[in-house]
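Reviewing the structure listed below.
The values are calculated or read from the model by the stated rules, or taken from the named source; none is laboratory data. Since this is a predicted model, take the numbers as computed values, not measurements. Here the Cβ is made from the backbone with ideal geometry for all residues, glycine too, and neighbour counts use every protein chain on show. We work out accessible area using only protein heavy atoms, side chains counted, and drop any ligands, DNA or RNA first. Shrake-Rupley method; radii C 1.70, N 1.55, O 1.52, S 1.80 Å.
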Amino acid sequence: MLEVKDLNVSYGGIKAVKDISFNVPKGEVVTLIGANGAGKSSTLRSIVGLVKAESGSILLKGEELRGVPTEQIVTKGITLVPEGRRVFPDMTVAENLKIGAYMRKDSLDEDLNWVYDLFPRLKERSWQLAGTLSGGEQQMLAIGRALMSRPEIIMMDEPSLGLAPIVVRGVFDIIREINKQGVTILLVEQNANMALKAANLGYVMETGRITLSGTGAELLENEAVKAAYLGKAKK
Amino acid sequence: MKKQTKIIWNVGLILGLLLVLFILEQVFPSGSMLFTVLKKGAIYALVAVSMNLLNGFTGLFSLGQAGFMLLGAYTYGILTIPVESRASVYQYFDGGIVQFAIPVPLALIAGGIVAAIFAYLIGLPVLRLKSDYLAIATLGFAEIIRAVFQWDKLGPLTNGSNLLRNFPAFKSVLYPFIVAGICIAIIVMLINSTYGRAFKAIRDDEIAAEAMGINLAHHKRLAFVISSFFAGISGGLLAMYQTTIQASMFKSAMTYEILLIVVIGGIGSVTGSCISSFLFIACSEWWLRFLDNDNLYIGSFHVPLLRAGFRKVVFAVIIMCVVLFYRKGIMGEKEFSIEGIANFFRRKFKKEKVTEGGASK
Amino acid sequence: MSTENVLKVENITMQFGGVIAVDNMNLEINKGEIVSLIGPNGAGKTTAFNVITGVYAPSNGAIYYKGNKIVQNHPQGKMKKLYRGENPAMYESHRVLAPTPDKITCLGIARTFQNIRLFKSQTVFDNILIAKHMLRTSNVFTATFHLNGKEEARMREESERLLEIVGLTDVRNELATSLPYGKQRRLEIARALATKPELLLLDEPAAGMNPQETLELTEFIDEIRKKFDLTVFMIEHHMDLVMEISDRIYVLDFGKPIAEGTPEEIRNNPKVIEAYLGGADDE
Amino acid sequence: SGGSSDSSSASTDASATDGNVVKIGVYEPASGDNGAGGKQETLGIQYANHVTPTVEIGGTEYTVQLDIVDNESSNDKGPSAAATLVSDKVSVVLGSYGSGVSIAASDVFKEAGIPAIGVTCTNPQVTEGNTHYFRICFLDPFQGTVHANFASEKFGAKKAYVLTKLGDDYSTGLGYYFTQAFEALGGEVVAETFQEGNSDFTSYITTAKKSGAEVVFAPSSTEAAALIIEQAAAQGLEVPILSTDTWDSNVILNAAKGKNLDIYVTTFYQEGANPEFDAGIKDWINSDSTAKANNGGDDTVSGLTVMGYDAYYTALEALKAAGSTDPAAVNEALWNVDYTGVTGHITFNETGDANRDTAYIKQANTETGAWEFVAEQSVSK
Amino acid sequence: MEWINQNLPYLMAGISVGGQYALIAIGYTMVYGILRLINFAHGDIFMVAGLIMVYAMTVMPIYVAIPLMIILTVLLGFLVERVAYKPLRSAPRMSIMISAIGVSYLLQNLALYVTGGLSQQYPPIPWLSDTITVFGATTKRVTVITPVLTIILVLALVALIKYTKIGMAMRAASRDFETSQLMGIKINSVISMTFIIGSFLAAIGSMLFFTNYTGVTPTAGAMPGLKAFVAAVFGGIGSIPGAVIGAFIIGICENIIKGLGWTTFSDAFTFALLIVVLIAKPTGLFGEKVIDKV
Ligand SMILES: Nc1ncnc2c1ncn2[C@@H]1O[C@H](COP(=O)(O)OP(=O)(O)OP(=O)(O)O)[C@@H](O)[C@H]1O
Ligand SMILES: Nc1ncnc2c1ncn2[C@@H]1O[C@H](COP(=O)(O)OP(=O)(O)OP(=O)(O)O)[C@@H](O)[C@H]1O
Ligand SMILES: [Mg+2]
Ligand SMILES: [Mg+2]
């Protein structure tokens, strides 16, 4: 579905992503874990063209995405839930959802209902300004907004960021639910434990490189991963 | 050791420059445009550096420079017009109320001090504002000062909206160079002192600077007052250069001009500001003037399009090009220095021994 | 008001509009201790730091440093109507004390930031040197005309020494932002140390560090604490670091302290497990 | 950009290279608030140069070359423009329209030892206290007094509204002298000022109406004049508007055409006084599109243009008398110039001012869009 | 009654000028809202609109000239953005602002070159230029029309921004470029649209303005531009209602000050008012607080 080959990203002199390759098979949940600053967000952002990849290729269903402007990439069936939610604070929940379907010309009602079904909370709050939502609700809105474009593949950058553990669990439930409905998911998480449990496939990133990969279960058992990301080395 | 050689080099360079000026003055006729440009360039260099101290080194976006120059210019003018000329200058105000004159250097310093006092008072309320809001507030203050100085009721002091004139002017091109040079040197020394470092810290990150124990309000005010002091002095010099002054000269357009010079020279580069002010003045007042002449012939070819005003169009286009193609200005944040040049050539030589010169920006 | 407290936070409430970020917080830190503040994201930890360091004036409450009241406020102005925290009347009759952050730093409380805030355009060395500005005795004239040669030399020498201690001498002329993440963190701590603090506040110092670096950081903090005779107050999510180094831990949730105790007590506190450490999922 | 010190002296005609050349500097505004007036003055100079392109100095035939610079109506740009003339080594300077810029450049010329002949800069300060600035026009104290007398004699006015431009020596000076004279006649003055760049004269006209003034005296540039006229008409101002030599321009005629206003101006010259000259210059203007544009698009001859014309010949007289192109000699010679031009007899008194004591008052005919002669006024000094 | 008759013109002029400032101020505030750029050239675009009208009316009938003027002005606004601002989108803020000052210089000097520095008489526009009498005060019809037209246009604009898709995109883009792009919004089109709307309003504003104050000079845009900008800051730059209210307040105050005879200080007063407002509310009347999250 999505195939990344030898991707490089740098900011000025700083190399954030170095020669990474991975792929995301259709219908799966794939996770990318790694420390702060490892280059996970940079990877996702370069896939949707928010930062320019220096070299390498990004293929979506065989089609090259590198060099295509962001607003066109997102019409091809891939979307990103950005780090830190980034909802439009002075728009209502409903408007935020509508803007998620900005580039679509067909009727929105069906999708709106789909999102409202997934997140009944949003339906209750459809007239509230997004800026006044709680963190967890904002995260739901951000995911819902991304779903409005009817993506085949959705990338989420740290959806659990800034959320209470209970809300985090809720978010992961939703991720599984969306996936069940046929959406492919690429998940970037700090919360490696939960991410790996939810994922079919996992990659570990360290200072710009992918150092490990395997199924979620394999990685969960990997000693290095345990030591570095699961905080279990000492126990 | 190394520091000492650097100082010697710089002092040598400055003395050399003054010597060249001195010789130039002996060689060229005094009416030459060269001197007009050099004089005005030196004055603008000073005010540009003082603005750079604020905008470039302290990160305070202020647009009040013209106002402080006005204060300096008026203070200078009011204090130096010879007593015997006052009756004719203040013709509508019975000779004005100031009936003494003080020596030129004192008056220049007084101009700086008056500007600094005003800056202190203005700074109390407005320095709390951020970025664009600070800019527009300082611009506003400059406009208010201008209006106040045009006020009839202050006429006995300011001559209302009329010209002040007959005060001492430059005799030699060396004068503005020496005064501006000393002032710029002081600013550079300030920038290199611990206070200068604090200013730069504020520019880079106010919150972190404050967490490092740097009192924001105090340091911002300090930068503002010092910058205005030198703007005031340059205002006095401008008065000397122009031989007449009037509040209506010090419009916001003047501030924009200075800002252009600062940005074109490179925000945060003192030498950039100096170089660009000479280039700017030379371009706007001298080199391009031939474009205004509608019968310019090259050989027997009548150059088309030329007529009054074309010079300014070309000038504006040049500015646009510089802004679009040199985003960080001519010098960026770097400084022009002997070392820099030496390094530049050393690198050049190492890399490609054949190509030489011509590439200096 | 015992004098052995280096820091005492009393009934601090911080309310932004309708959001109560810190809710009636009380805590004490004794000399020489390393105390950690943990809690879920958005619990108000950074806000608490900001109140202590003068970035925000609290909506209500008081703070004491070495027995002296340094911060005090009560709901006033618009906040008077809006205030929903506790003890609204408690400090009403008291004097408002709201020093700016630089005053607090001058008292001897230094801090680092959650999102690294180095002086971007300055070299590593200059970043430290800037922090020495606070300790100057020269005024703007003497400094400009370089009449403070001795002091300047001392500032430089001290900065140099500090760089050596934190192991950044080899990169002293690099731009601060060009350093790798871990070293930037270290530099930020060194810069805070340059102000010669007695109390050091660290906001997530290990964020962005891998386990190895975290380990090094643990040692580093311990080392500087001893060398500079510091008291450390730290926000951190890395439990390894927290549990290893802390003498005591406070846990904050929704702005309220929900637990306080030794690492061992905290590790086994069911409330903390539920709100922060994570329950069954984790094991 | 190429060019060096000699690029500005490259501002020459093709003919400049052959034979002897004497340069006359023209220091006039071509832009800014006084651009229109400056251009009309320059026009007269250019026409004179067209009619008489050569002069015999000390027995040699010299080609006269005009070196025209734009002082941008601005006191701070002016000195640089003047410095250009100095570095071009002109023998004498003509100009400028606008007293402020003339005063501002005065020292530049003085230092270079170059004499200047003001054309229509009427403020006393231009020539006061120096020996290098001359002028061929009358002065503001005179002109202001003429208006004060006219207002009180013709309209029996007891109250006048005076509108001047802030920071404009010309305008401020006239306002001052008018007020002095008018108050001496027992009148009362309501004075207001407007700022440079102001385009909204609504409230001024409102105040003028409200004040109950019986005349409005508004010495100002033509730029402001058009706006004042427009607003006065829009608000139905009924009292007459008096103004000065700057308003003697077709800009005013065009603005006033078809409006119900009473406009009087003082000027140096009344069209028709010298039919031969009129015909010549109109011919020239009509044959040269640039000239026509600079004259505001038609061939009405402004007093300013005629003064420019006379100034040129005054300069030639001085050159001839000096017998040399040396500025110092020209300066010396100027004191004794005696020349009868289109606008009358020109000699200079001890301050360098022309001995003139006559002004013409004209009224704008708003139906035909032409000036109509009203009176010839002089005051006893 | 007598008093009202005498002072009504000041108020009317104030409201009318306020309306004209408002139309210009919106251009400033919209561009600022989206690009954080003080578009110094906006006042000059307003001036160029005036000049285009002057020249257009000499060769064509009014019903062609007005649409043509509007189209050319809009085109100019569009081009300025594309040529002078778009290449600098990732450059430091200061350079893009300097670019704006450069454009302003260029437009003024081009106008100077083309007009030869002479003030151009704005052609009378039938009906608008007619003199009418309101409560005994004589004035041009445009004085009365301006505020009405301004309010209609502003309401239309607010509706556009609030209820249309492009309006939604503009609101989104003014908040967050990146996320907007993720939604499939073409940032460049949105920015162009902003300039187009701003220039359109400036074109209308110029027609109203110059019908009243008929001299078009190269610097004719500078002062109204500055005032409108002050109005935008006054109302809280970025806020459209703020800009409109700010513009009316400034227009009215300025004329009242003149009416009181303090003409020397009419401009200074505007700035003094601005500074007082900024000191009380550092981001203007309706501006949002910017919070430095530590
Ligand atoms: N806009 C930028 N400019 C310069 N450097 C950047 C920029 N964005 C990211 N970086 C650098 O690139 C590197 C990788 O950053 P990235 O945000 O991709 O990491 P991450 O793995 O997503 O971390 P986190 O867990 O914090 O989200 C870091 O060193 C970061 O400092
Ligand atoms: N200046 C502010 N204005 C409004 N709300 C604020 C402000 N600063 C913080 N908050 C709010 O206060 C709450 C606490 O934030 P704080 O940054 O203290 O959390 P934290 O405990 O440090 O979380 P983290 O672990 O993510 O750093 C949050 O809801 C935040 O949105
Ligand atoms: Mg990330
Ligand atoms: Mg925090």
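Below, the figures for the structure above:
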quantity	calculated
Segments classed as helices (runs of 4 or more DSSP H), wholly inside region A:1-103, with at least 1 members that are open to solvent by less than 10 Å² (accessible area, probe 1.4 Å), closer than 18 Å to E:Phe177 by Cα and within 16 Å of ligand 3 (Cβ to nearest atom)	A:40-47
Test: residue in region C:33-47 that is away from ligand 1 (no atom under 16 Å from the Cβ), open to solvent by 10 Å² or more (accessible area, probe 1.4 Å), more than 14 Å from every other protein chain (Cβ to nearest Cβ) and not β-branched (Val, Ile, Thr)	yes
2 or more residues farther than 21 Å from D:Thr120 by Cβ: qualifying strands (runs of 3 or more DSSP E) within region D:174-279	D:188-194, D:215-217
Subset tally (residues that are within 7 Å of chain A (Cβ to nearest Cβ) and in a helix (DSSP H, G or I)) for region E:166-190	9
Pick from region C:169-214, criterion aliphatic (A, V, I, L, M) and at pLDDT below 85, ranking: farthest from ligand 4 (Cβ to nearest atom)	C:Leu179
Test set (1) modelled with pLDDT of 90 or more; (2) outside any helix (DSSP H, G or I) - B:Gly268 fails condition number	(1)
Unmet requirement for C:Ala206, which otherwise passes all of (1) open to solvent by less than 10 Å² (accessible area, probe 1.4 Å); (2) away from ligand 2 (no atom under 16 Å from the Cβ)	(2)
Contacts under 7 angstrom Cβ, first residue in region B:127-153 being more than 7 Å from chain E (Cβ to nearest Cβ) and at positive phi, partner hydrophobic (A, V, I, L, M, F, W, C) and not in a helix (DSSP H, G or I), 6 or more apart	B:Ser131/B:Phe61
Residue list for region D:244-276, restricted to those being crowded, with 24+ Cβ neighbours inside 10 Å and among the small types (Gly, Ala, Ser)	D:Ser249, D:Ala255, D:Ala256
Filter result for A:Arg150 (of a type outside the set (Ser, Thr, Tyr), within 16 Å of ligand 3 (Cβ to nearest atom) and open to solvent by 30 Å² or more (accessible area, probe 1.4 Å))	no
Boolean, C:Gly17 is on the phi > 0 side of the Ramachandran plot, open to solvent by 10 Å² or more (accessible area, probe 1.4 Å) and modelled with pLDDT under 90	yes
Residue count for region A:17-63, restricted to those that are hydrophobic (A, V, I, L, M, F, W, C) and within 11 Å of another protein chain (Cβ to nearest Cβ)	6
Residue pairs meeting the criteria (Cβ under 8 Å; at least 6 apart or on separate chains; first under 10 Å from E:Ala41 (Cα atoms), in region E:87-111; second of a type in the set (Asp, Glu))	E:Val103/E:Asp44; E:Ser104/E:Asp44; E:Leu107/E:Asp44; E:Gln108/E:Asp44
Selection status of C:Met234, outside any helix (DSSP H, G or I) and either charged (D, E, K, R) or buried (at least 16 other Cβ atoms within 10 Å of the Cβ) (or both)	yes
Enumeration of residues in region B:6-38 that are in contact (Cβ under 8 Å) with a residue 60 or more places away in the chain, polar (S, T, N, Q) and within 30 Å of D:Lys89 (Cβ to Cβ)	B:Thr36
Residues being under 28 Å from C:Pro197 (Cα atoms), within 16 Å of ligand 2 (Cβ to nearest atom) and away from chain B (no Cβ under 14 Å) - total across region C:64-114	1
Hits in region E:209-244 (condition: under 14 Å from the mean Cα position of the chain (by Cα) and within 15 Å of D:Glu223 (Cβ to Cβ))	E:Phe210, E:Ala220, E:Gly221, E:Ala222, E:Met223
Selection count, region D:295-318, where residues are assigned to a helix (DSSP H, G or I) and open to solvent by 40 Å² or more (accessible area, probe 1.4 Å)	1
Any hit, region D:144-151, residues being of a type outside the set (Lys, Arg), assigned to a helix (DSSP H, G or I), within 13 Å of another protein chain (Cβ to nearest Cβ) and touching a residue at least 24 places away in the same chain (Cβ under 8 Å)	yes
Yes/no for C:Gln15 being closer than 26 Å to B:Ala217 by Cβ, of a type outside the set (Gly, Ala, Ser) and part of a strand (DSSP E or B)	yes
Positions within region E:245-276 being within 22 Å of the chain's Cα centre (by Cα) and either at the interface with chain B (Cβ under 10 Å from one of its Cβ atoms) or of a type in the set (Asp, Glu) (or both), in sequence order	E:Glu254, E:Ser266, E:Asp267, E:Ala268, E:Phe269, E:Thr270, E:Phe271, E:Ala272, E:Leu273, E:Leu274, E:Ile275
From the options E:Ile101, E:Ile70, E:Ile62, residue that is touching a Leu at 6+ places or on another chain (Cβ under 7 Å) and of a type in the set (A, V, I, L, M)	E:Ile101
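Conditions tested, residue by residue: (1) in contact (Cβ under 8 Å) with a residue 60 or more places away in the chain; (2) assigned to a strand (DSSP E or B); (3) away from chain E (no Cβ under 14 Å); (4) of a type in the set (Lys, Arg).
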| position | (1), (2), (3), (4) |
| --- | --- |
| D:Gly38 | yes, no, no, no |
| D:Thr42 | yes, no, no, no |
| D:Glu56 | yes, yes, yes, no |
| D:Thr63 | no, yes, yes, no |
| D:Ile68 | no, yes, no, no |
| D:Asn75 | no, no, yes, no |
